[in-house]
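K.L.:
Below is one structure. I have some questions about it.
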Amino acid sequence: MTKLESPSAERNRGPIWDLVVEARLLKDVDATTISTPLNALEVAAGSGVHTQFFAQQLASRKILVTWQSTDPEASALASQEAYIEEIAGPSSKSDEDKTYWRTCETVNFGKPLALTLDENGIRETSTESAIADQSMDWIWTINMIHISPWAATQGLMKMAGTKLKPKSGRLILYGPYRVNGFTVESNLKFEEWLKAKDSSYGVRNLEDVVAEASKHGLELEDTIEMPANNLSVILRKRG
């Protein structure tokens with residue numbers, strides 16, 4: 001299996017961990033009191049750089065997590081497998097529970113899944129059935145919304161509204177956004193480059209993203225300024 005390189009993921013993984021996971025998501029989590037794993041779904045996980053890094057950090061803190069990475073591209077899924085296999089061995093639970101594929105200390109991995117989103121949610125029925133409704137504590141989407149058609153964002157929100165646990169489940173987004181219609185010059189130039197590749201891509205208005213999320217029972221919990229003019233956005237599933 002060939003590992004894909006992702007310089008942007010290498011750069012942003014540390015700030016995302018420090019400012020989002022450790023400072024917000026794990027702020028009130030005591031590893032000694034967790035009896036069942038947190039369930040995390042990573043949408044459009046790409047190379048697997050974030051998958052590997054977050055798992056290593058969670059394992060070092062003895063946080064119980066089941067992590068499921070996904071992507072629509074076969075090359076990305078193969079790369080995710082390679083990154084996971086660098087740090088994880090075969091799961092001792094694989095025979096009794098097929099959701100576990102590899103294990104890295106306190107982190108159990110599902111085998112990376114093909115997942116494509118459109119305005120109706122998850123396109124593949126096999127993947128739909130593999131992710132139980134109201135089962136996810138975290139759904140992650142890093143650098144997807146601006147590099148996909150708007151229909152993918154609509155599908156993401158529909159899926160999150162179905163798959164996140166009520167009251168406590170969170171959808172975490174990362175990337176460049178317009179806020180009240182404005183963004184910095186570097187993001188505008190980036191958008192020009194994106195639209196030259198595909199006219200359906202673009203730096204989205206945060207208000208439009210939040211409004212779409214609200215249709216599916218999610219509310220804005222936090223917006224965090226990140227390096228390189230990006231934002232992390234945390235949306236919580238209402239009860």
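The values are calculated or read from the model by the stated rules, or taken from the named source; none is laboratory data. Everything numeric here is computed off the predicted structure, so don't read it as measured data. All Cβ positions, glycine included, derive from the backbone under ideal geometry; neighbour counts span all protein chains shown.
K.L.:
Six or more apart or on different chains, Cβ under 7 Å: which pairs go from a residue in the range 26-38 that's closer than 19 Å to Ala132 by Cβ to one that's charged (D, E, K, R)? Could you list them?
P.N.:
From the range 26-38, the pairs are Leu38/Asp137.
K.L.:
Now for a different question. Can you tell me which of (1) basic (Lys, Arg); (2) in contact with a His (Cβ under 8 Å, 6 or more places away or on another chain); (3) more than 24 Å from Leu156 (Cα to Cα) is the one Arg61 doesn't meet?
P.N.:
Unmet for Arg61, out of (1) basic (Lys, Arg); (2) in contact with a His (Cβ under 8 Å, 6 or more places away or on another chain); (3) more than 24 Å from Leu156 (Cα to Cα): (2).
K.L.:
Right, here's the next one. Test Ser94 against the criterion of being of a type in the set (Ser, Thr, Tyr), modelled with pLDDT under 95 and at negative phi, and give yes or no.
P.N.:
Details: of a type in the set (Ser, Thr, Tyr): yes; modelled with pLDDT under 95: yes; at negative phi: yes.
Yes; evaluated as a whole, the condition is true for this residue.
K.L.:
Please specify each residue of the range 37-51 satisfying the condition of being touching a Leu at 6+ places or on another chain (Cβ under 8 Å) and more than 13 Å from Leu173 (Cα to Cα).
P.N.:
Pro37, Leu38, Gly46, Ser47, Gly48 - these are the residues of the range 37-51 that are touching a Leu at 6+ places or on another chain (Cβ under 8 Å) and more than 13 Å from Leu173 (Cα to Cα).
K.L.:
Scan the range 221-239 for residues that are assigned to a strand (DSSP E or B), touching a residue at least 12 places away in the same chain (Cβ under 8 Å) and not hydroxyl-bearing (Ser, Thr, Tyr) and jot them down.
P.N.:
Initially, the range 221-239 is screened for residues assigned to a strand (DSSP E or B), giving 221-226, 230-237.
Checking the rest, the ones that are also touching a residue at least 12 places away in the same chain (Cβ under 8 Å) come to 221-224, 226, 230-237.
Result: Glu221, Asp222, Ile224, Met226, Asn230, Leu231, Val233, Ile234, Leu235, Arg236, Lys237.
K.L.:
Hey, does the range 71-94 have a residue that's more than 21 Å from Ser135 (Cβ to Cβ) and in a strand (DSSP E or B)?
P.N.:
Yes, the conditions are met somewhere in the range 71-94.
K.L.:
Looking at the range 52-76, I want the residues that are free of Cβ contacts under 8 Å to residues at least 40 places away in the same chain and closer than 15 Å to Leu4 by Cα and have a partner that is surrounded by fewer than 21 Cβ atoms within 10 Å (Cβ to Cβ) and of a type in the set (A, V, I, L, M) with Cβ atoms under 9 Å, at least 6 apart or on another chain. Which pairs are those?
P.N.:
Gln52/Ile87; Glu73/Ala114
K.L.:
Here's another thing I want to ask about it. Taking Leu113 as the residue in question, decide whether it is touching a residue at least 24 places away in the same chain (Cβ under 8 Å), touching a Pro at 6+ places or on another chain (Cβ under 6 Å) and not hydroxyl-bearing (Ser, Thr, Tyr). Full working, then the answer.
P.N.:
Values: touching a residue at least 24 places away in the same chain (Cβ under 8 Å): yes; touching a Pro at 6+ places or on another chain (Cβ under 6 Å): no; not hydroxyl-bearing (Ser, Thr, Tyr): yes.
So Leu113 does not fit the description; no.
K.L.:
Which residue pairs have Cβ atoms closer than 8 Å, lie 6 or more positions apart in sequence or on different chains, and pair a first residue in the range 165-194 that is within 15 Å of Glu225 (Cα to Cα) with a second residue that is assigned to a helix (DSSP H, G or I) and aromatic (Phe, Trp, Tyr)?
P.N.:
Pro176/Phe190
K.L.:
Same structure again: Can you give me the number of residues within the range 162-172 that are more than 12 Å from Ile122 (Cβ to Cβ) and surrounded by fewer than 21 Cβ atoms within 10 Å (Cβ to Cβ)?
P.N.:
Looking only at the range 162-172, we keep the residues that are more than 12 Å from Ile122 (Cβ to Cβ), and these are 164-172.
Narrowing the set further to residues that are surrounded by fewer than 21 Cβ atoms within 10 Å (Cβ to Cβ) leaves 165-168.
Going through the range 162-172 one residue at a time, the tally reaches 4.
K.L.:
Related question: Select from the range 56-70 the residues that are part of a helix (DSSP H, G or I) and among the aliphatic types (A, V, I, L, M) and write down the one among them that is nearest to the chain's Cα centre (by Cα). Show your work before the answer.
P.N.:
Taking the range 56-70 and keeping what is part of a helix (DSSP H, G or I), we get 56-60.
Okay, now just the ones that are also among the aliphatic types (A, V, I, L, M), so 58-59.
Details: Leu58: 15, Ala59: 18 Å.
For the range 56-70, the residue satisfying everything is Leu58.
K.L.:
Taking the range 189-220, which residues are more than 18 Å from Met159 (Cβ to Cβ), surrounded by fewer than 14 Cβ atoms within 10 Å (Cβ to Cβ) and of a type outside the set (S, T, N, Q)?
P.N.:
Listed by number, the residues that qualify are Lys189, Glu192, Trp193, Lys195, Ala196, Lys197, Asp198.
K.L.:
What are the residues in the range 189-217 that are over 28 Å from Asp133 (Cα atoms), in a helix (DSSP H, G or I) and not charged (D, E, K, R), if any?
P.N.:
Going through the range 189-217, the residues over 28 Å from Asp133 (Cα atoms) turn out to be 189-203, 205.
Okay, now just the ones that are also in a helix (DSSP H, G or I), so 189-197.
Phe190, Trp193, Leu194, Ala196, listed by residue number.
K.L.:
Now for a separate question. Looking at the range 7-55 only, could you name the residues that are among the hydroxyl-bearing types (Ser, Thr, Tyr), within 16 Å of Met144 (Cα to Cα) and in a helix (DSSP H, G or I)?
P.N.:
Narrowing the range 7-55 to residues among the hydroxyl-bearing types (Ser, Thr, Tyr): 8, 32-33, 35-36, 47, 51.
So of that shortlist, the ones also within 16 Å of Met144 (Cα to Cα) come out as 8, 47, 51.
Listed by number, the residues that qualify are Ser8, Thr51.
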